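Every number in this text was worked out from the coordinates using simple rules, so none of it is lab data. As the structure is a prediction and not an experimental result, all values here were calculated from the model. Here the Cβ is made from the backbone with ideal geometry for all residues, glycine too, and neighbour counts use every protein chain on show.
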Amino acid sequence: MPTITEKRRRLQRAAPNLEDLFEDLESVDGADREELLYERASYELESGRKRRGVYAMALTRVDGDRNRADARYMQHRVDQLQSEFETWNLERQEAEAELERREEASADLFRTVFALVILILAVMALVSWS
């Protein structure tokens, strides 16, 4: 499992897609998670890949002051990323639970079919024996 330092280096080279970021967030917690979120927002801001709508919202909330807008953008973006991560994590957990339910249903079906086959064989054995 990559360390937080390795994750930080990867983020600095190029912002990973959100799926990779969320997988990294899943494996860390607390301050490390928050740091990765802020690094992603900072990367977006510094690379010019910021979300225009979020930046416009930040800019209007600070009356056009670009320095304060940058800070506000990062706060908004971190909140968004955290929310998106929570949704992603919930969807992933639901998908895993659905897979477990399907596997259990498949196992139940197998056990039922197996029991029916044994029952049919037993009946056939009784009929041929008598």
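With coordinates expressed along the principal axes, the C-alpha atoms belonging to the chain extend over 96, 31, 23 Å, beginning with the largest. Taking Lys and Arg as +1 and Asp and Glu as -1, the other residues whose beta-carbon sits under 11 Å from that of Asp108 total +1. Considering helices alone, the calculated mean residue ellipticity of the chain at 222 nm is -30000 deg cm²/dmol, with DSSP H runs of length four and up weighted by -39500 (n - 2.57) and normalised per residue. Sorted largest first, the principal axis extents computed over the alpha-carbon atoms of region 82-130 equal 72, 5, 5 Å.
Among the helices of the chain, those built from whole DSSP H runs whose Cα atoms reach 27 Å or more along their own axis and whose mean Kyte-Doolittle hydropathy is at least -0.5 are 66-129.
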